[in-house]
Structures are given as C-alpha cells and as structure tokens.
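Right, one structure below, let's go through it.
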Amino acid sequence: MSASEVTAEATAVHVNLRDSQSVLQEEVIASLELNKVDYAMERKKSLRARYYFGIIFLIMNLVAWFFRDYGHSVLPFIHYIKVCGSEGDDCFHSLGVLRVSLGCYIFFSVMFLTTVKTRKLCEHRNWWHSGWWEVKSVLLIVSMALPFFFPSEIVQIYGEVARIGAGIFLLLQLVSVIHFITWWTKYWTPEEERKQRCSLGLLMSTLFYVASICGIVYLYESYASRISCSLNLFFITWTVILLAAMMVISLNSKVNRGLLSSGIMASYIVFLCWCAIRSEPATIRCETKNHEKGNSGWIIILFSNNKVEHEDDIPYSYGFFHMVFSLGAMYFAMLFISWDLNNSARKWSIDVGWISTWVKVINEWFAATIYIWMLISPVVRQNKVMDNNGTVQETADSVMA
C-alpha cells in the first residue's frame, strides 16, 4: 500500500471518528434536553398535586361538618351500624366529626409514610405523590369508612390525641408566620441600590401599626365598653402591653430590628386576640351587638418551598406537606367540636366556647413570647460571648502576673 493510500485511509478514519463523536454528542444533548422536559413536567405535576390534596382536605372537612349538623337526619341507615349505638349518636355530632377526622388523618398519614423520604423527581414515590389518583381515591374511601367500624372508646382516645396534634399544628402555623415575617423584613431591608424599597418598607410598617391601633380601638369599643367586661378588658389591655413591649424592644439600639417585623407581628397578635374574644359563648360575650350564630374559624397554612439545588430535586418536602395536613385534620376537628369532646355544638357554629377562647389566648401570648425572644436572643448570646472572652482574658492576665 502506497503512502498516499495510507494517508487517505487515515483521513477517512479520522473523519468517520469525528462524525461519530459529533453524532454521539448530539444524542447526549438531545437526551439531556428530553430529561429537562421530563423534569419540568414532573415538577408541574407535583405542584398541581398540592391543589388536589387541598381540595380533598376541604371536602373531608365539609363532610365532618355535615355529619355534625345533618348526618343524624339525612343518613338514617348508619343507625344500623353496631358501633354507632341504638340511636346512632356515636356516629354523629362530636363523635361523627372525630370519626371523619380520623379517616382524614389515616389518609394523610399513609401518604406521609409513603412519601417522606422522597428526594428526586425520578423516584417512584414522586409518581405516587403526583399521580395514581384512582388508587388514592380507593384509599381515601377506605380511610373514611374504616373509623365508622371502630368502637367509640378508640374514637375518644383519638380525640384526646387530636388535642395534642392540634396544638402542634398551631405551633407550625406560628413558625410559618414568623418565617414569613422574617422573609418580608429582609425583602424590604434598605440597601444602597434599593432606596425605593426602603421607603416602601417604612410605609408598610406604618400601615401595619395603624391597623393594629385601629384593631385595639375596635376591640375596646365592641367587646369592652363596660366595666363589667373585666375579662375582655384584661385580654385587650394585655395585648396592648405586648405590642408596646415588642415595639420598644425592636427600637432598642442593641436590637435595632426596625418597626416592620414588629408591625406585622402586632397585627397578627391583635387578630389572635379578636379570634379569642369571638370564641367566647354568645350568651356571655361582652359585645355591643350579640350575634346569635357562632363565629367561624379561619386558618392559613403557609407552605414554604424548599431550596431546589438541582433540576431533578422535588419542589417541596412531600413528607412535611402530608404531615401538616394530618395535623390539620386534628386541628379542624377541634374547631368543629370547640376543643370539647362532649360538645354539642349548635348548627353553623364553629370554635365557640371557653376552651377555644383560652386556647387562642394562650396561643397569642406564646406567639408574642417567641417573637420577643427571637428579638433579644442575638443580644443575649453576644453578651455571653463577651463575658466568656472577658473571663478568659482575666484568667490569662492573672497567669501572666
């Protein structure tokens, strides 16, 4: 073989190799692009699933309300279930609410156990969380029906446990509110390149404090207009003291946290005080206009998305998501029965009674305490470090002497 033929053959091999590498590179790029599309679709399904679970949670709470107020007359066939008793009372009213709540808790607990360690969008547990709705529908029906075959003693035990779970849910709500306040404050933090945000942050803090003051005035006029309303006077006055303490501590030179975060927290504290007073029994509530119908309980669950470091990471924690809903089932059960397992609530009344009132009052005080500690804890830790450094320096000086 001549030298020219060898050179031509080598050139052809090089060209073929280069073409093969080019084709392989194009296939790899196409595969990566396809994975990106798949990850985007899976992420959309995961985010969409939150609304589906929210709708399920809403429906189950409406079913609990239905069993409490209308189940006895609309569902007479349940009277024949042995555990419901001769009159069926053990499956309606408060126990009916607890049975439906237990079913909701079972469903979301199963979802929690089957998704708690999910990390990537390509895992089978992600597909279970975001899809398989036919199977989950069967699971939901079974979970709803199962508690109606449990003895009443087990349901009563669940009611006692639900009080604890509802308290944990309130703590999670408080953590979410404080997390939101922290994020909101950082967003409006004045910087050289964000002068406009500085002025808007000042405006927002002013609005929140004006709203808090207006809320306090409204509470005094509507629920403590007479000297005989001593308990309401105590609740509202103590709220004013908490607001003043938060404002003074926020403006302290050592804390220096500004008024925005304390203004948002002040509005939240006033709202909790109003909810607590509104939960007082209507016959005892010291208000200028009595409302025959009870008040309604409102709650906002704030879900914070996890930081997604890789494109194949799940957009939020599935386990925590389902755990919050399982605890939320306990919380709403307590709202429907006013935290009293033997409660016989009137129709269209939710979360009314002295137990509900004191739960909310304690929640208000606890929220203010946690926030104040969040303000002063950095100063306390700094003082401890300075004291320790001073002690070490004194020890070193004595040794040198």
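Has the range 131-151 got any residue that is over 18 Å from ARG48 (Cβ atoms) and in contact with a Lys or Arg (Cβ under 7 Å, 6 or more places away or on another chain)?
Within the range 131-151, one or more residues are over 18 Å from ARG48 (Cβ atoms) and in contact with a Lys or Arg (Cβ under 7 Å, 6 or more places away or on another chain).
All conditions in (1) at pLDDT below 80; (2) surrounded by 13 or more Cβ atoms within 10 Å (Cβ to Cβ); (3) under 20 Å from ILE216 (Cβ atoms) hold for GLY258, with the sole exception of (3).
Which of (1) in contact with a Cys (Cβ under 8 Å, 6 or more places away or on another chain); (2) of a type outside the set (S, T, N, Q); (3) under 19 Å from SER317 (Cα atoms) is the odd one out, the single condition TRP128 does not satisfy? (1) is the only condition that TRP128 fails.
Annotation note: Cβ proximity below 9 Å between a residue of the range 108-133 that is buried (at least 17 other Cβ atoms within 10 Å of the Cβ) and a residue that is assigned to a strand (DSSP E or B) (sequence gap 6+ or interchain) occurs for LEU121/ASP313; ASN126/LYS120. No other residue among PHE67, PHE53 is buried (at least 20 other Cβ atoms within 10 Å of the Cβ), in a helix (DSSP H, G or I) and not polar (S, T, N, Q) apart from PHE67.
Of the residues examined, PRO76 is one that is surrounded by fewer than 17 Cβ atoms within 10 Å (Cβ to Cβ) and closer than 18 Å to VAL63 by Cα.
Taking the range 233-262 as the range and being over 26 Å from the mean Cα position of the chain (by Cα) and of a type in the set (Lys, Arg) as the test, only LYS254 passes. So which of PHE149, PHE92 is surrounded by 14 or more Cβ atoms within 10 Å (Cβ to Cβ) and hydrophobic (A, V, I, L, M, F, W, C)? The match here is PHE92.
The values are calculated or read from the model by the stated rules, or taken from the named source; none is laboratory data. Predicted model only: the values in this text are computed from it and were never measured. No Cβ is skipped: glycine too gets one built from the backbone with ideal geometry, and neighbour counts run over all protein chains shown.
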